[in-house]
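The values are calculated or read from the model by the stated rules, or taken from the named source; none is laboratory data. Predicted model, so just to flag it, every value in this text is computed and none were measured. Note that we place each Cβ from the backbone using ideal geometry, even for glycine, and neighbour counts take in every protein chain shown. Calculation scope for accessible area: heavy atoms of the full protein, side chains included, ligands and nucleic acids excluded. Shrake-Rupley method; radii C 1.70, N 1.55, O 1.52, S 1.80 Å.
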Amino acid sequence: MKIGFFDSGLGGLTILTAVRKILPHYDYIYFGDTKNLPYGDKSEEEIHDLTYKGIKKLFDSGALLVIVACNTASAESVRKHQDEMLKKEYPDRKLLGVIIPTVEALIASRSTSAILIGTERTVNSEKYEIEIKKGDTELVLFTRATPTLVPLIEAGEIHGAYKVVQSVIDSITDYVDTIVLGCTHYTVLKELIRKHNDDLYVLSQDEIIPHKLKDYLYRHPEIDDRLTRGGNISIELSSKTDAYIDIQKSILSHLV
Ligand code: DGL
């Protein structure tokens, strides 16, 4: 059986690519719901419904474990689908989101004051704050919704997107030592942000999730044993236009 990745679009490919670098032997399947992108400004019900369909598609295509790479879907829907869908329909499968591992990495970094950027939905869900409160930390989190970033990144306008992030960083007058890129799409901006902000620690999910997944599989041999090792990858998009194929290449080419 395979490891599945779900995202609202192409951003999750940055996570999958990083995972494959350290775990190349497994079989992977990716589904990007490009037809319904963006999720970031949709209602909670719409996100539940679309995420349900995407996860179901991956399970029905042989995924044993699905990682919801999309922060927006992780914030709104992972817990609900773990409690309902998994229990009722797929009791032998696993579903993981990206927010809890990111918060674990943030707390482990010993940051005292961080800024999170994400979609409207991710920021408004306050899921990051909720998970931080469960940890043993005094960390202060500032959050900013950056809704223009996903369209810019999906259009391949990486520099324009970076400028938006820089203006957000510059607008924070309080001390912050870390920026959390709370959207899969933003991983393509990490090097530009690092280059221009020496004193800011940049937490990027493509550098967090691979190690967390490796650790998870190590701690769960009963899952690991059921995963096939063919080194195959299949990528499916709900809308696959020529433009998307170009953007897919563009996103992958920005990976370090
Ligand atoms: N990739 C999604 C995330 O991580 C955002 C894109 C969207 O708005 O659908 O939140």
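Tabulated data
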item	result
Packing-based order for 179-189, 150-160, using average beta carbon neighbours within 10 Å, highest first	179-189, 150-160
Around PRO24: net Lys/Arg minus Asp/Glu count, Cβ-Cβ under 12 Å	+3
In segment 1-109, trypsin sites (Lys or Arg not before Pro) in a DSSP loop with at most 14 other beta-carbon atoms within 10 Å	LYS35
Projected label distance in nm at HIS25 and ARG144, using a 7 Å step from Cα toward the beta-carbon	4.4 nm
Percent carbon-and-sulfur accessible area, the chain, ignoring ligands, DNA and RNA, probe 1.4 Å	51 percent
Column: log10 I(q)/I(0), Debye, Cα scatterers of the chain, q = 0.07, 0.13, 0.17 Å⁻¹	-0.21, -0.78, -1.38
Residues whose placed amide H lies under 5 Å from that of VAL66, excluding near-sequence neighbours	GLY4, LYS94, LEU95, LEU96
Cut-off 13 Å between beta-carbons: net charge of the residues surrounding ILE208, Lys and Arg +1, Asp and Glu -1	-1
Cβ-placed point charges (K, R +1; D, E -1), dipole of the chain about Cα centre in debye, nearest 20	660 debye
Total formal charge among the other residues, if their Cβ is under 15 angstrom from that of GLU126, Lys/Arg +1 and Asp/Glu -1	+1
Solvent-accessible surface (1.4 angstrom probe) belonging to GLU191, in square angstrom, nearest 10	80 Å²
Largest to smallest accessible area among MET1, MET85 [probe 1.4 Å]	MET1, MET85
Per residue, in Å², the accessible surface of the chain once ligands and nucleic acids are set aside, probe 1.4 Å	45 Å²
Pairs beyond 31 Å (Cα-Cα), from LYS134/LYS249; LYS2/LYS133; LYS42/LYS94; LYS133/LYS249; LYS35/LYS133; LYS57/LYS212	LYS134/LYS249; LYS2/LYS133; LYS133/LYS249; LYS35/LYS133
Whole-Hz ³J(HN,Hα) from phi, Karplus 6.51 cos²θ - 1.76 cosθ + 1.60, for segment 5-12, glycine and proline x	10, 10, 8, 6, x, 9, x, x
Accessible surface, 1.4 Å probe, highest first, among residues LEU213, LEU96	LEU96, LEU213
